[in-house]
Amino acid sequence: MSTQNMTNGEVDVYLDYDEAISGYDPVIGLETHVELGTKSKMWCGCSTNFGADSNTQVCPVCLGLPGSMPVVNRAAVESTIRIGLALNCTIADWCRFARKNYFYPDMPKDYQISQYDEPLCFDGYLDVTVETPDGPQVVRVEIERVHMEEDTGKLTHAGGATGRIHGADYSLVDYNRAGIPLIEIVTKPVTGTGRLAPEVARAYVTELRNVIIALGVSDARMEEGSMRCDVNLSIAKPGAEWGTRSETKNVNSLRSVERAVRSEIERQASVLNNGGRIIQETRHFHEDTGRSTSGRSKEQAEDYRYFPEPDLVPVAPSREWVEELRATMPEMPAVKRARLQAEWNINEFELQSLANAGAIELVEATIAAGVDSAAARKWWTGELLRVANDTGVELESLSVTPDDIKQVEALIAAGSLNDKLARQVFDGLINGEGTVDEVVTKRGLAVVSDDGALLAAIDEALAAAPDVAEKIKSGKIQAAGAIVGAVMKTTRGQADAAKVRTLLLERLGVSE
Amino acid sequence: MNDLTRQSAAVLADAIASKEVTAVEVAQAHLDRIAAVDGKVHAFLHVTTDSALEQARAVDAKVAAGTPLGALAGVPLGLKDVLAMKGEPTTAGSRILEGWRPPYDSTVVARLRAADIVILGKTNMDEFAMGSSTEHSAYGPTHNPWDLDRIPGGSGGGSAAALAAFEAPLAIGTDTGGSIRQPASVTGTVGVKPTYGGVSRYGQIALASSLDQPGPCARSVLDTALLHAAIAGHDPRDSTSINAAVPDVVAAAKKADVRGMRIGVVTELMGEGYQSGVSQRYSESLDILRELGAEIVEVSCPHFEYALGAYYLILPSEASSNLARFDGMRYGLRAGDDGKNSVEQVMAITREAGFGPEVKRRIMLGTYALSSGYYDAYYGQAQKVRTLITRDFNAAFEKADVLVSPTAPTTAFKLGEKLDDPLAMYLNDVATIPVNLAGIGAMSLPIGLAPEDGLPVGMQIMAPAMADDRLYLAGGALEAALIDKWGHLLIEEAPSL
Amino acid sequence: MTSITRPEVAHLARLARLDLAPEELDHYAEQLDVILQSVARISEVAADDIPPMSHPIPMVNVFRDDVVTPGITREEALGAAPAAEDDRFRVPRILDEE
């Protein structure tokens, strides 16, 4: 390793995590940006739809044309207050917007309207659970502030080899995204997590995302950029003053949050152990390598020349307004999880599987429709999840409703469908063949319960396999399976296998 | 009807509505006048001949169809080039916006159109409204019709000169520290800076957002009131727009009565530093107001001496931010884009090439005042001074219904005289700036010619926030008394060019 | 108040994206100094207990409803652009990140 590399804060070889964490205590801070899912932008009536043609969702305001002026979207303020309430924050009774001045071509006004020292929400917390060898541990992550600002336009880099900014000949700007409401949620420094820092960071962002989604204020898709996370991190010897922090950007998945923290602890420990020093800088995380590279040095602090935004008047939420919003708050994810585990009598792992499948709301709705909880879970996480995964669609996008499951379960209970036939009903529903009744009728799906017809099928199967018949008669009852299988085949699965077995044994005069 | 360009807006509107003349004839008469004299005056940067005549024809069609019309339908107007007008050049007097045609109308323009007021063109101004002489226009200065070697005031010198040169009976100005009132004062015309939030700023290219205010300009108090009523009122596109009924300024201008009114003379805004002829006419006007039945009282506003300092911190600070968007990326000038220069370099080269010296000076000053380490000492302190000045006004309005002062310390000075001395230039606004800092409304109206130079002198009338009607009540009364004295409006004495 | 140095002026020019010529740096250093000296008196009066005033007319809670309204066309948006390509604004290369 060269000296020059060390002063750059770069090392060629990283310590492994155990070694890195053994000598240092990390302090983490997370800044999360969430694009709100309002219909219109923060200051103007332009649509926020994702994926529209370039520069088609723009107006004088979000293009920053001379003379244009912003007007605050009420829904964005309400969403922010609701986020603040969910994060146990104090809601400011009076606050202002501020201009953050810096030049960048993706920012039409060359200042961002944000909030500076008067955030709308402040001093909150979010409890998160991490797994430790000693069992689950709850960590309280304190929230410094939740404030409102606006998103920038989208840059595409052209010319040059990589499509990256570095080496590009020029860039192209689409301002559709400019002015979309953006909420920044900043934690206080999180200390004392020790070696669990990466897991705590991930658990925090995961839980924050759950909260945002539960509130319905954003789809919070990290891969589409509607939720973005910056990781601040420093390390220091136990008991020593906090170290210099770096800020890692471009952390675009929950998994990457954990990896970025782990990697940065390893990097900083490696630099320090080699006698180097950590410089205050912005770093960029790379998904492919799991490592970050140095970006802009922040040694010369940016001078954003904040001042109160004169084009907007202060926001002063009344107590009544805040209470009205509090009344709209859904059950928080952690509370809900605890309740569902108890109600459905499942463990955390099983609940997590349901959550991962995106099935919790569907199961709840199915139970609400009158289906028993085990059956509801069985269908959504079994057959339906399999089809969803095979076809690459979301569970909720399948054309199967909780009410369909209720109808199918009723048919099973009445003995006119079995599980195998039920799967065919779902296949029909997904293929758009109509309602449950229509699929059953069109496909001729019904359990054959006519004893005469079943006996005829049994006789036919016995005649086709006289050796098996003999075996059964001689007491080898396990051989009955072959005959039952043959009957099921000829009835195309529309028979009740248990009933076939009973009839078969009666026919042969054998008892179990 | 004799020379259409010498009529008042009110008279023209009546003549058009009664089919005595057509709106096209009126518009054409003013376009002809512009063609004849604007080479000397340079009040206009751009004459919108086609759209003006089109608008005039539409008015005539409405007259013919018997459609009800606004009080100023068909009357021509000069629009300060700082207000966006869809499809027409809008430069704010700057090279950096040369050739830019906004894809939208400012609210003021939308209301002018709705009132069937015919927009003749865009009037000259100091670049981005920074100046008191219109000499800082990137397109050359405007000349004062009273003496072509003198400044017409600024930043709205073009609008004021257009009125004084009888190129238009109405004009729109914007006032950040006196840019409506000081040009009115030195050209013998009337101008009103409404209460902040009284007229929408949407579409006004911002100089200092917390000080800017568009307003009406005309040659008489009544015409000014009629225009005020046409453009004022709540606008949901401007968050700082006042959501309340506009005071009935037209009724006030017609009532024109100061009997029983307490008029406060601001002792800090007179005496030393004011030209003798200015002080003389001011003093005579106070006598007239007293004779008209007003009670003249003295009021003191001790913090006004700090107004200029606070203003020259707040304005550059906000301007440095408002003018950041002129970076050559989306509209306007781009310089230095040779394929090698970075975006940062191209922005810097563009701004260096596109902005004039006064704009750069104020951007630098504002950048400094906002920068970390200086914010509290400069911008923060200036905002406290704003509070003190507002308190001074509140105390003064306890004793008086309106306040008065000379509008400007001097009559029109010579072109070039103060161009290289920014501080001397800034002192022109010493009497007008406190009004903007407090956000209240004020009028300037002509009160005679200074004996020593024969140039117009203006009086400023100030009223509490949202009481703009008092300006017209007092201004109208004083104007009527002066007409009685002179037999005509002062502007009738302007050279014919 | 301290006087403004030439390097400070250069720093301000960079913050403000003004490619000032060397003689302009000297000129502005001098002029800013004069102006700042003259405005410095405001610190005499503005005591700690005086609240700063950012907005002249006190108002709060001015909002618009979350409703989509028509903007301008892409042609209008790009019509004034010094350079455009592929329906987007074309800007020179960006150096200072990554």
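The values are calculated or read from the model by the stated rules, or taken from the named source; none is laboratory data. From a predicted model like this one, the values you see are computed outputs, not experimental measurements. Glycine gets a Cβ as well: all are built from the backbone with ideal geometry, and neighbour counts include every protein chain shown.
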Residue count for segment B:465-497, restricted to those that are in contact with a Gly (Cβ under 8 Å, 6 or more places away or on another chain) and not hydrophobic (A, V, I, L, M, F, W, C)
2
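Residue B:160: within 28 Å of residue B:313 (Cα to Cα) and in contact with a Cys (Cβ under 7 Å, 6 or more places away or on another chain), yes or no? Reasoning before the result, please.
Details: within 28 Å of residue B:313 (Cα to Cα): yes; in contact with a Cys (Cβ under 7 Å, 6 or more places away or on another chain): yes.
When the stated conditions are applied, residue B:160 passes them.
Can you name the residue in segment B:191-223 that is of a type in the set (A, V, I, L, M) and assigned to a strand (DSSP E or B) and is also nearest to the other protein chains (Cβ to nearest Cβ) among such residues?
Applying the first criterion (of a type in the set (A, V, I, L, M)) to segment B:191-223 yields B:192, B:199, B:205-208, B:211, B:218, B:221-222.
Narrowing the set further to residues that are assigned to a strand (DSSP E or B) leaves B:192, B:199, B:218.
Values: B:192: 16, B:199: 13, B:218: 23 Å.
Ranking the candidates gives B:199 first.
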Within the group B:5, B:48, which residue is among the β-branched types (Val, Ile, Thr), within 28 Å of residue B:133 (Cβ to Cβ) and in contact with a Gly (Cβ under 6 Å, 6 or more places away or on another chain)?
B:48
Quick check: is even one residue across segment B:60-73 crowded, with 24+ Cβ neighbours inside 10 Å and of a type in the set (Val, Ile, Thr)?
no
Could you tell me whether residue B:163 is touching a residue at least 24 places away in the same chain (Cβ under 8 Å), more than 14 Å from chain A (Cβ to nearest Cβ) and either among the charged types (D, E, K, R) or in contact with a Pro (Cβ under 6 Å, 6 or more places away or on another chain) (or both)?
no
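Name the residue, out of A:275, A:225, that is of a type outside the set (Lys, Arg), more than 30 Å from the chain's Cα centre (by Cα) and either assigned by TED's automatic domain parsing to the domain that holds residue A:27 or closer than 24 Å to residue A:182 by Cα (or both).
On the way: A:225 fails: more than 30 Å from the chain's Cα centre (by Cα).
Selected residue: A:275, the only one of A:275, A:225 that is of a type outside the set (Lys, Arg), more than 30 Å from the chain's Cα centre (by Cα) and either assigned by TED's automatic domain parsing to the domain that holds residue A:27 or closer than 24 Å to residue A:182 by Cα (or both).
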Subset of segment B:228-269 that is among the small types (Gly, Ala, Ser) and in a loop (DSSP other than H, G, I, E, B) - its residue that is nearest to the other protein chains (Cβ to nearest Cβ):
B:239
Selected residue (only one of A:48, A:80 is facing another protein chain (nearest Cβ under 9 Å) and farther than 30 Å from residue B:213 by Cβ)
A:48
Considering only residues that are among the charged types (D, E, K, R) and assigned to a helix (DSSP H, G or I), look in segment C:36-51 and name the one that is nearest to the other protein chains (Cβ to nearest Cβ).
C:41
Hey, does segment A:151-162 have a residue that's out of contact with any helix residue (DSSP H, G or I) (no Cβ under 8 Å at 6 or more places or on another chain), surrounded by fewer than 19 Cβ atoms within 10 Å (Cβ to Cβ), at pLDDT below 90 and within 30 Å of residue A:242 (Cα to Cα)?
no
Condition (residue is more than 27 Å from residue A:109 (Cβ to Cβ), more than 18 Å from the chain's Cα centre (by Cα) and not in a loop (DSSP other than H, G, I, E, B)) applied to segment A:126-134: is it met by at least one residue?
yes
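Scan segment B:413-425 and tell me whether some residue there is more than 13 Å from residue B:269 (Cβ to Cβ) and buried (at least 24 other Cβ atoms within 10 Å of the Cβ).
Taking segment B:413-425 and keeping what is more than 13 Å from residue B:269 (Cβ to Cβ), we get B:413-425.
Now narrow it down to the ones that are buried (at least 24 other Cβ atoms within 10 Å of the Cβ): none.
No, segment B:413-425 contains no residue that is more than 13 Å from residue B:269 (Cβ to Cβ) and buried (at least 24 other Cβ atoms within 10 Å of the Cβ).
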Taking the residues in segment B:1-51 that are crowded, with 23+ Cβ neighbours inside 10 Å and among the small types (Gly, Ala, Ser) as candidates, determine which candidate is nearest to residue B:143 (Cα to Cα).
B:43
Residue count, segment B:49-104 (criterion: more than 17 Å from residue B:170 (Cα to Cα), more than 14 Å from chain C (Cβ to nearest Cβ) and touching a Cys at 6+ places or on another chain (Cβ under 9 Å)):
0
Given (1) more than 14 Å from chain B (Cβ to nearest Cβ); (2) not in a helix (DSSP H, G or I), residue A:349 misses just (2)
Filter pass, residue B:341 being within 7 Å of another protein chain (Cβ to nearest Cβ), surrounded by fewer than 23 Cβ atoms within 10 Å (Cβ to Cβ) and at negative phi:
yes
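For segment C:63-98, which residues satisfy the criterion of being of a type outside the set (A, V, I, L, M), at the interface with chain A (Cβ under 7 Å from one of its Cβ atoms) and in a helix (DSSP H, G or I)? So that I can check it myself, show each step before the final result.
Looking only at segment C:63-98, we keep the residues that are of a type outside the set (A, V, I, L, M), and these are C:63-66, C:69-71, C:73-76, C:79, C:82, C:85-90, C:92-93, C:96-98.
From what's left, at the interface with chain A (Cβ under 7 Å from one of its Cβ atoms): C:63-66, C:69, C:71, C:74, C:85-90, C:92-93, C:96-98.
C:74, the sole residue that qualifies.
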Given the criterion over 29 Å from residue A:155 (Cα atoms) and either free of Cβ contacts under 8 Å to residues at least 12 places away in the same chain or more than 7 Å from every other protein chain (Cβ to nearest Cβ) (or both), identify the matching residue among B:336, B:354, B:366.
B:366
Looking for whichever is without any contact (Cβ under 8 Å) to a residue 24 or more places away in the chain, under 30 Å from residue A:126 (Cα atoms) and either in contact with a helix residue (DSSP H, G or I) (Cβ under 7 Å, 6 or more places away or on another chain) or charged (D, E, K, R) (or both) here; the options are A:82, A:74. Which one fits?
A:74
Of everything in segment B:223-251 that's surrounded by fewer than 24 Cβ atoms within 10 Å (Cβ to Cβ) and farther than 30 Å from residue A:72 by Cβ, which residue is nearest to the chain's Cα centre (by Cα)?
B:250
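Report yes if residue A:195 is among the basic types (Lys, Arg), assigned to a helix (DSSP H, G or I) and surrounded by fewer than 19 Cβ atoms within 10 Å (Cβ to Cβ), otherwise no. Step through it out loud before you land on a result.
Numbers: among the basic types (Lys, Arg): yes; assigned to a helix (DSSP H, G or I): yes; surrounded by fewer than 19 Cβ atoms within 10 Å (Cβ to Cβ): yes.
Judged against the criteria, residue A:195 is a match.
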I need the full set of residues from segment C:47-98 which are closer than 30 Å to residue B:86 by Cβ, among the acidic types (Asp, Glu) and out of contact with any Leu (no Cβ under 8 Å at 6 or more places or on another chain), in order please.
C:65, C:66, C:75, C:76
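Every residue, every condition in (1) surrounded by fewer than 21 Cβ atoms within 10 Å (Cβ to Cβ); (2) in contact (Cβ under 8 Å) with a residue 24 or more places away in the chain, yes or no:
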| residue | (1), (2) |
| --- | --- |
| A:365 | yes, yes |
| A:371 | no, yes |
| A:375 | yes, yes |
| A:387 | yes, yes |
| A:419 | yes, no |
